[in-house]
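Student: First the structure, which I've put down as structure tokens, then a few questions once you've had a look.
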Amino acid sequence: MSQPSAPDHASPSDPTPYAGLTPDAVIDALVAAGLDPDGRLQPLNSYENRVFQVGLADGGMAVAKFYRPGRWSDAQILEEHRFALDLADADVPAVAPLTLHAPEHGPRAELLGEPATLAVWQATDIDTATEAPARHRYSVSPRRGGRAPELDDPDVLQWLGRLMARLHAVGRRQPFEHRPTLSVDQLGRSAWRWLREHGDLPEPQRAVWLAAAEQALDTAQAVFDRVPDLRLGRVHGDCHLGNVLWTPDQGPHFVDLDDACNGPAVQDLWMLLGGHRRERQPALYALMDGYESIAEFDWREWTLVEALRTLRLVHHSAWLARRWHDPAFPSAFPWFGQAMYWQQQADQLRQQIELMQQDLEHPGFG
């Protein structure tokens with residue numbers, strides 16, 4: 001869930017950007033990008049974007065992803081696609097977008113990228129913010145299923161470590177030029193400032209949360225300052241268990257590079273480990289056994305885990321608040337925004353402050 005960026009072509013003020021994205025509009029957009037859908041269309045679980053499983057006339061299946069207006073620019077989306085294609089070229093199992101082709105007859109979408117992986121479709125529905133025809137940006141990828149990996153199995157963790165090392169080896173070949181670089185300010189303080197200025201937080205929890213979050217972010221910055229000269233590269237950025245899928249015959253593969261950014265390698269590793277520091281040590285060492293069989297790792301990065309967790313907590317609260325006018329959010333997150341939510345978040349941030357202070361006083365690994 002990265003910080004929304006300045007758009008190339010978007011109406012970020014529209015609170016319901018997908019209101020006109022009907023099944024017919026999805027099918028029309030796919031046809032305009034050279035696909036041959038057979039009418040089967042299943043919405044998949046996605047809140048930031050809109051994602052559909054699509055049946056094709058040849059009997060196959062694909063996944064169409066319609067990007068939220070105002071979040072990423074065209075250049076940023078194409079960098080995400082380039083990273084996925086680079087991984088595929090290096091035989092790193094990651095789902096990459098398909099190359100799109102203009103149809104011979106009928107309306108055609110604007111196709112962007114080399115190869116063309118991003119389509120822009122001027123739909124017939126009206127953008128409520130501009131009162132102009134809506135402009136949908138989308139990509140299509142192969143459908144790849146799977147389940148979450150079994151993280152209590154050391155062999156699985158070693159496999160994941162090797163896979164992560166291969167992903168990061170590709171990521172370090174060149175940095176992103178247009179996508180963000182992970183930092184306390186980019187992921188945390190920008191979210192804090194937005195909530196201070198625009199968030200509808202109830203009192204007295206508003207003052208309590210803002211104070212706790214500000215102290216937590218200052219402490220996170222102190223932790224980052226203790227690890228100078230971090231080696232940054234292109235990373236997945238949101239490598240939770242929903243984005244690493246496992247199949248019995250092929251093992252793990254990556255999906256959803258929507259949050260890819262420049263960052264340290266540990267950003268893609270820490271979410272795979274649960275529990276407190278001592279509890280996660282065995283899993284950490286199994287994961288790193290696999291990683292270091294492929295590539296070197298700067299073990300100082302493990303001292304960043306609680307700081308990274310803190311950034312994610314603050315950013316997630318801002319993400320929910322930013323998207324609250326999207327009808328999908330209140331039904332999916334009914335507990336958000338209540339006084340109890342903000343009090344619990346403040347309490348959790350105080351716990352993070354204690355953990356990060358321990359990292360500052362007694363640096364350790366994981």
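Student: Would you grab the residues whose amide H sits under 5 Å from the one on L118? Only those 5+ places off in sequence or on another chain, please, with H modelled 1.01 Å from N.
Tutor: So L118 has HN proximity to L112.
Student: Over segment 51-197, what is the relative contact order in percent, taking alpha-carbon pairs closer than 8 angstrom and at least six residues apart?
Tutor: Reported as a whole number, the value is 23 percent.
Student: Report the gain in length on full extension from S46 to D155: 0.36 nm times residue separation, minus Cα-Cα distance, nm rounded to one decimal. Please report the intermediate quantities before stating the final value.
Tutor: Numbers: separation 109, 0.36 × 109 = 39.24 nm, distance 3.05 nm.
Extra length available between S46 and D155 comes to 36.2 nm.
Student: Who wins for biggest fluctuation among A328, A134, A75 in a Gaussian network model of the chain, springs between alpha carbons below 10 Å?
Tutor: Of the options given, A328 has the highest mean-square fluctuation.
Student: Okay, next question. Let me have the 222 nm mean residue ellipticity of the chain computed from DSSP H runs of 4+ only, each contributing -39500 (n - 2.57), with the sum over all residues rounded to the nearest 500. Can you show the working numbers first?
Tutor: Numbers: 9 runs with 136 residues, N = 366.
My calculation for the chain gives -12000 deg cm²/dmol from helical runs alone.
Student: Still on this model: Computed FRET efficiency, Cβ-Cβ of H362 and D229, R0 22 Å: what is it to the nearest 0.05? Kindly include the intermediate steps, with their values, before the conclusion.
Tutor: Values: r = 22 Å, r/R0 = 0.99.
With a Förster radius of 22 Å, E is 0.50.
Student: Considering the values (i) 41, 20, 20; (ii) 35, 27, 17; (iii) 31, 27, 18, which represents semi-axes √(5λ) of the Cα gyration tensor in Å as calculated for the structure under consideration?
Tutor: Label of the calculated value: (ii).
Student: Restrict the search to segment 144-212; then list the GluC sites (Glu not before Pro) that DSSP places in a loop and that have at most 14 other Cβ atoms within 10 Å of their Cβ.
Tutor: On the way: sites: E150, E177, E197; in loops: E150, E177.
Here the GluC sites (Glu not before Pro) that fit, given the DSSP loop and packing criteria, are E150, E177.
Student: So for the pair E197, T22, with labels modelled 7 Å out along Cα→Cβ, what separation do we get in nm?
Tutor: 3.8 nm
Student: Give me the angle, in degrees from 0 to 90, between the Cα long axis of helix 154-171 and the longest principal axis of the Cα atoms of the chain, rounded to the nearest 10.
Tutor: Its long axis makes an angle of about 70 degrees.
Student: Contact order normalised by length for the chain, with contacts defined as Cα pairs under 8 Å and 6 or more residues apart; what percent is it?
Tutor: Relative contact order of the chain: 19 percent.
Student: Extension gain D298-Q348, at 0.36 nm per residue separation less the Cα-Cα distance, in nm? Don't skip to the end; give the middle numbers.
Tutor: Working: separation 50, 0.36 × 50 = 18.00 nm, distance 2.83 nm.
Net length gain for the segment: 15.2 nm.
Student: Return S317, S183 ranked ascending by Cβ neighbour count within 10 Å, so the fewest neighbours appear first.
Tutor: Details: S317 24, S183 18.
Ranked by crowding around the Cβ, least crowded first: S183, S317.
Computed from the coordinates by the stated procedures, all read-outs in this text should not be read as laboratory data. Fair warning: this is a prediction, and the values are worked out from it, not measured in the lab. Please note: Cβ atoms are built from the backbone with ideal geometry, for glycine as well, and neighbour counts cover all protein chains shown.
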